[in-house]
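In what follows, a single structure is set out as structure tokens and then discussed.
The values are calculated or read from the model by the stated rules, or taken from the named source; none is laboratory data. Fair warning: this is a prediction, and the values are worked out from it, not measured in the lab. Methodologically, a virtual Cβ is constructed for each residue, glycine included, from the backbone with ideal geometry; neighbour enumeration extends over all protein chains shown.
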Amino acid sequence: MNELNELRVGPRLAPKWYSVAEVAEQLGYGLSKTKLLIATGQIRSLKDGGHQRIPPEWVDEYVARRVAEECA
């Protein structure tokens, strides 16, 4: 975002949580695999209304755990 646009709309805020589709995109996984990881508890999530939501920290937690598993 350039400075002129930022002055018009304000600074962009970091997301407080992600949708399942956003997490899948970030991890480079398909939606089905991401849903499976959530269903099995490998990626923690919470239900907000009718939607699963994942805070950024929980995505980072999953990635760190996978890296540690591979390095062990």
Residues (at pLDDT 95 or above and loosely packed, with under 10 Cβ neighbours inside 10 Å) located in the stretch 14-34
Gly28, Ser32
Result of the Cβ filter at 6 Å on the stretch 59-72, keeping first residues that are of a type outside the set (Lys, Arg) and partners that are modelled with pLDDT of 95 or more, at least 6 apart or interchain, is Val59/Val23; Tyr62/Ile43
Selection from the stretch 39-71 of residues more than 9 Å from the chain's Cα centre (by Cα), under 18 Å from Tyr29 (Cβ atoms) and basic (Lys, Arg) yields Arg44, Arg65, Arg66
Is at least one residue of the stretch 23-35 without any contact (Cβ under 8 Å) to a residue 60 or more places away in the chain, in a loop (DSSP other than H, G, I, E, B) and in contact with a Lys or Arg (Cβ under 7 Å, 6 or more places away or on another chain)?
no
Return yes when Pro11 is under 15 Å from the mean Cα position of the chain (by Cα) and modelled with pLDDT under 95 and no when it is not.
no
